[in-house]
Each structure stands twice: as C-alpha cells, then as structure tokens.
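**Student:** Here's a structure for you.
The values are calculated or read from the model by the stated rules, or taken from the named source; none is laboratory data. Remember, it's a predicted structure, so these values are computed and weren't measured experimentally. Cβ placement follows ideal geometry from the backbone for every residue including glycine, while neighbour counts extend to all protein chains displayed. Note: accessible area is taken over every heavy atom of the protein model, side chains too, but ligands, DNA and RNA are not part of it. Shrake-Rupley method; radii C 1.70, N 1.55, O 1.52, S 1.80 Å.
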Amino acid sequence: MPSDQITPGITFTQLLQYDRPQAMAWVTGNAANPQLSGLVKFYQTFYDGVLVEAEFFGLPNIEKAKAGSFYAMHIHQFGDCSGDFSKTGEHYNPENNLHPSHAGDLLPLFGNQGYAWSAFYDKRFTINEIIGKSVIIHSDPDDFTTQPSGNAGTKIGCGEIRRIL
C-alpha cells in the first residue's frame, strides 16, 4: 500500500498489534464486584492524541446469556483505588468543561455477558497528564447530560494509571 494511503485506522491497528503502551491501568472490582478485572492501555500516536484500548472481564450480568449492558468509563482526578474508590475524586477536567466534554469522559463500555473490549482515539489529554490518575468503571451508563458526571451510578471498578517503562 502506498504511504499516502495509510489511514489513522491502519496506524492505530499497527500500534495495538506491535507497540507497547506508554501507560496502563489494571482495573479491579469493588467488594460487590470482586470478579471484575480489566486492563486499559494508553498509546501515544503520531496524531497528537492518545489511542485507548480497554478489555474487561467479569462485568455485571455475566450469568445472563446474551445480556448486554452499558457501563460508564471515566478518568478520575486521583489514583487512590483503596476501599470503595471514594478517594478518586471527580472526573479529570483540567479545562473546567461541562459534562460530557471533560477530558476524563471516555466512551462507554458495552459489556456482553460480562465481557467488553473497546478501542478509541482521544485528543483531550496526553499520557503525561493522566499518569497517577484512575480509570473508573461505573455501574450504569453515562447519560451524557447530567452535571457534573452523567449520573453514571456507583464506582464498581478502579485502576491507577501508571507509566510503562
């Protein structure tokens, strides 16, 4: 394929397949969801944005065949995932934007019988800006309207974003 026909999608596929992420968050569930686990990877791109790949197992509704549910996924201010995840703060929002335009507002997860996989591109933050913050999975979908955080329900999963050396 000529180099002038390489699209961002081709570049992103190659990043996911061949490159190491620059940061990751290992997400684990709260006391009510101990089976929840997942990995969120962050890749710097040539397009001045970040490619995010997320894979989760053990989301609620795993026991229901053909059950699909949406879950909000956000970056929160702090990486303290202790206890009930209440020390993670609010959504990461350095520009003080209204919801859903926070830098920490990520695409929702669509879980099917407990499993979800997603990949998307985002230019609202850099890898350096999110190190030490947390990825939070919420029990409900984000309504993309309610201020300040989309009425996304309780925090059911949390992982600190860490640099990969």
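**Student:** What does the convex hull of the alpha-carbon atoms of region 8-73 project to on average, in nm²?
**Tutor:** Mean orientational projected area (region 8-73, Cα hull): 5.8 nm².
**Student:** Here is a follow-up. Please compute, for the alpha-carbon atoms of region 70-165, the extent along each of the three principal axes and give them in descending order in Å.
**Tutor:** 34, 29, 28 Å, listed from the longest principal axis down.
**Student:** Solvent-accessible area of VAL50, probe 1.4 Å, all protein chains present, reported in Å² to the nearest ten, please.
**Tutor:** 0
**Student:** Counting helices only, and only those DSSP H runs with n ≥ 4, report the 222 nm mean residue ellipticity of the chain as the sum of -39,500 (n - 2.57) divided by its residues, in deg cm²/dmol to the nearest 500.
**Tutor:** Computed mean residue ellipticity for the chain: -2500 deg cm²/dmol.
**Student:** Specify the longest stretch of the chain that does not include any exposed loop site, a site being one of the chymotrypsin sites (Phe, Trp or Tyr not before Pro) with a non-H, G, I, E, B DSSP assignment and at most 12 other Cβ atoms within 10 Å.
**Tutor:** After excluding every exposed loop site, the longest remaining stretch is 48-165.
**Student:** Right, here's the next one. Which residues make up the longest stretch of the chain that has no GluC sites (Glu not before Pro) in a DSSP loop with at most 12 other Cβ atoms within 10 Å?
**Tutor:** Longest stretch, sites excluded: 96-165.
**Student:** At 0.36 nm per residue, minus the direct Cα-Cα distance, what do PHE120 and PHE70 gain on full extension? Give it in nm, one decimal, please.
**Tutor:** Numbers: separation 50, 0.36 × 50 = 18.00 nm, distance 1.61 nm.
Separation in residues times 0.36 nm, less the Cα-Cα distance, equals 16.4 nm.
**Student:** Determine which aspartates and glutamates satisfy two conditions relative to LYS133: a Cα distance under 14 Å, and not lying fewer than 8 residues away in the same chain.
**Tutor:** List returned: ASP80, GLU90, ASP105, GLU160.
**Student:** Here's another thing I want to ask about it. I'd like the Kirkwood hydrodynamic radius of the chain, using the inverse of the mean 1/r over distinct C-alpha pairs, in Å.
**Tutor:** Values: mean 1/r = 0.0620 Å⁻¹.
Across the chain, the inverse of the average 1/r is 16.1 Å.
**Student:** Calculate, for the chain, the solvent-accessible area per residue in square angstrom, rolling a 1.4 angstrom probe over the heavy atoms of the protein chains.
**Tutor:** Details: 8660 Å² over 165 residues.
Accessible surface, normalised per residue, equals 53 Å².
**Student:** Can you give the FRET efficiency for GLU90 and ARG20, using 1/(1 + (r/R0)^6), R0 = 35 Å, r = Cβ-Cβ distance, to the nearest 0.05? Walk me through the numbers before you get to the answer.
**Tutor:** On the way: r = 30 Å, r/R0 = 0.87.
The formula returns an efficiency of 0.70 here.
**Student:** Something else: Report, to the nearest whole %, how much of the accessible area of the chain belongs to carbon and sulfur atoms, 1.4 Å probe, protein only.
**Tutor:** Carbon plus sulfur share of accessible area: 55 percent.
**Student:** Provide ILE164, ILE127 ordered by accessible surface of protein heavy atoms (probe 1.4 Å), highest first.
**Tutor:** ILE164, ILE127
**Student:** Does anyone have the angle between helix 8-18 and the longest principal axis of the chain? Alpha-carbon axes, 0 to 90°, nearest 10?
**Tutor:** 70
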